[in-house]
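The values are calculated or read from the model by the stated rules, or taken from the named source; none is laboratory data. The structure displayed is predicted, hence computed values, not measured ones. Cβ sites come from the backbone with ideal geometry, for glycine too, and all protein chains shown count toward neighbours.
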Amino acid sequence: MPEIHHSIASVMRERSSVRKYKKGLRIPEHILEEIMSLAGAAPSGWNLQHWKFIVIQEEERKQRLLPIAYNQEQIVDCSAVVAVLGDWEANNNAEKVCDAAVQAGYMTPQARDKLVHQIHHTYATDDSIDAKDGVINPSLAAMQLMLAAASLGISSCPIGGFNHEELRRELQFPDRYKPVMLITLGYAEKTAHQTIRFPIEDIVDYEVFGGKA
């Protein structure tokens, strides 16, 4: 297992979106697997893990992704592209997740039955739950993926601009899944553009909007 060589605070402060990568470099398999494993440890509603990741490394397929991502060169220059998909039928994971929790001793069979019923009932009665949870939870995993990559010396950049239907046809994922974002991974050719962040007093209120400490 690769050693994570930065504190989480320094990774959060130093990580930035890189768009220029060293071409032709492949991320070692054990590092890539560790990044994806850490991404999969993200939190999710009911622990349904509303995500699927498709990792694209082959040059030919990256070339086909280039026009789908509106010719953003980082798609072909990077070492790997990760398509982050949201699961809009994640309630179908309920039994698998809860059965495993029972087997591990984390949940009683009675609690399992109650939770599974609650999950399916919510998905059957709340018309927005599939879309809401299918975006929020994969986004949590996507950020965790980029932080994990940074901790292992791999640069990244999230991409929201791409043709969703053409991506579906190229990567052949079923209607159950909706694309949330693409993430490029690789070794930086040059450092990212410097950016500024709002001071904390501009982004944090207390108790109510506009409230002061």
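Criterion applied to Asp175, Asp205 was being more than 17 Å from the chain's Cα centre (by Cα), in a loop (DSSP other than H, G, I, E, B) and at pLDDT below 95, and the one residue passing it is Asp205.
Across the stretch 28-72, which residue is farthest from Arg176 (Cα to Cα) among those that are out of contact with any Pro (no Cβ under 7 Å at 6 or more places or on another chain) and among the β-branched types (Val, Ile, Thr)? The extreme case among them is Ile35. If the condition is being surrounded by 10 or more Cβ atoms within 10 Å (Cβ to Cβ), in contact with a Phe, Trp or Tyr (Cβ under 9 Å, 6 or more places away or on another chain) and among the hydrophobic types (A, V, I, L, M, F, W, C), then the stretch 184-213 contributes Leu185, Ala188.
Ser17 - would you say it is of a type in the set (Ser, Thr, Tyr), touching a Pro at 6+ places or on another chain (Cβ under 9 Å) and buried (at least 17 other Cβ atoms within 10 Å of the Cβ)? Break it down into steps so the answer makes sense when it comes.
Numbers: of a type in the set (Ser, Thr, Tyr): yes; touching a Pro at 6+ places or on another chain (Cβ under 9 Å): yes; buried (at least 17 other Cβ atoms within 10 Å of the Cβ): no.
Criteria not met by Ser17.
Of everything in the stretch 152-172 that is out of contact with any Lys or Arg (no Cβ under 9 Å at 6 or more places or on another chain) and assigned to a helix (DSSP H, G or I), the residue that is farthest from Pro28 (Cα to Cα) is Glu165.
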